[in-house]
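The structure appears below as structure tokens.
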Amino acid sequence: AQIRKRTANELKCDTTLMNLLREAIANSCDEDGWALLSNVGKIINNQSSFDSKNYGYTKLGDLVSVIDIFESRLSGNRSQMYIRNKRAK
């Protein structure tokens, strides 16, 4: 059975998820607040048994893109995604 995709509002209301994401970004970001998504994923996986599929998204990047308090950008060769908390600007 496929898990239903959670809406942006449902994701934002999940305080455990939001705290995991915020802390992982804060612990791996550069001076401008940007964090490599793969590093964020590693930190989250080390702290909990996180899987974006449990929220209905096949990739962490897809899940983060839905939450409008985070912004994302791709590297020059488009192979790596960076994310940051919009409030960290």
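Just so you know, all these numbers are worked out from the coordinates, no wet-lab data involved. These numbers come from a predicted model, not from an experiment. A quick note on method: Cβ atoms are made from the backbone with ideal geometry, for glycine too, and the neighbour counts reach across all protein chains shown.
Here is how the numbers come out for the structure above:
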read-out: Reach of Lys42 by Cα under 16 Å, taken over lysines that are not fewer than 8 positions away in the same chain; value: Lys53, Lys59
read-out: Asn39/Thr7 FRET efficiency (R0 22 Å; Cβ-Cβ; nearest 0.05); value: 0.25
read-out: Positive-end extreme of charge dipole, the chain - chosen from Leu74, Leu36, Gln2 (charges on Cβ); value: Gln2
read-out: In degrees, nearest ten, helix 15-28 long axis to first principal axis of the chain (Cα); value: 20
read-out: Cα-derived Rg to Rh of the chain, Kirkwood definition; value: 0.94
read-out: Expected 222 nm ellipticity per residue - DSSP helices of 4 or more, -39500 (n - 2.57), all of the chain, to 500; value: -12500 deg cm²/dmol
read-out: For the chain: relative contact order, % (alpha-carbon pairs under 8 angstrom, 6 or more apart); value: 32
